[in-house]
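Participant: Have a look at this one before I ask anything.
Since every read-out is calculated from the coordinates, none of them should be taken as a lab result. Everything numeric here is computed off the predicted structure, so don't read it as measured data.
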């Protein structure tokens, strides 16, 4: 085989590798876009569920407060004191 034929063979092999690389890149891009769309759909679903659960929790808290105003006030006071103690201890750490 002559040097010119070897050169032509190498050029053809390089073209083949470039073609395969482009093909793999396109397949990877398609798979990536499919996965991103799946993730977006799941995020919307989970976000919707979380929103519904949060609304239900708020409704239950409202009912509890209306039915037990004194208990609710004591709970609020207790939580406020607890958060205050935690924040004070965190801020005193230098």
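Participant: Please check: in the Gaussian network model of the chain (C-alpha springs, under 10 Å), which one of 55, 15, 27 has the largest mean-square fluctuation.
Facilitator: Of 55, 15, 27, the Gaussian network model singles out 15 as fluctuating most.
Participant: Follow-up. Given the stretch 3-68, report the % of alpha carbon pairs whose separation exceeds 17 Å.
Facilitator: More than 17 Å apart: 69 percent of the Cα pairs in the stretch 3-68.
Participant: Something else about it: Can you give me the Rg/Rh ratio for the stretch 1-40, using Cα atoms for both radii and the Kirkwood formula for Rh?
Facilitator: Checking Rg against Rh, the ratio lands at 1.41.
Participant: Mind running the shape call on the stretch 52-94? Use the C-alpha gyration tensor, a ≥ b ≥ c as the square roots of the eigenvalues: rounded below 1.5 for a/c, prolate if a/b tops b/c, oblate otherwise.
Facilitator: Because a/c hits 1.5 or more and a/b fails to exceed b/c, the stretch 52-94 counts as oblate.
Participant: Return the single residue from 26, 16, 68 with maximal mean-square fluctuation; model: Gaussian network over the chain, springs between Cα atoms under 10 Å.
Facilitator: Evaluated over the chain, the most mobile residue of the options is 16.
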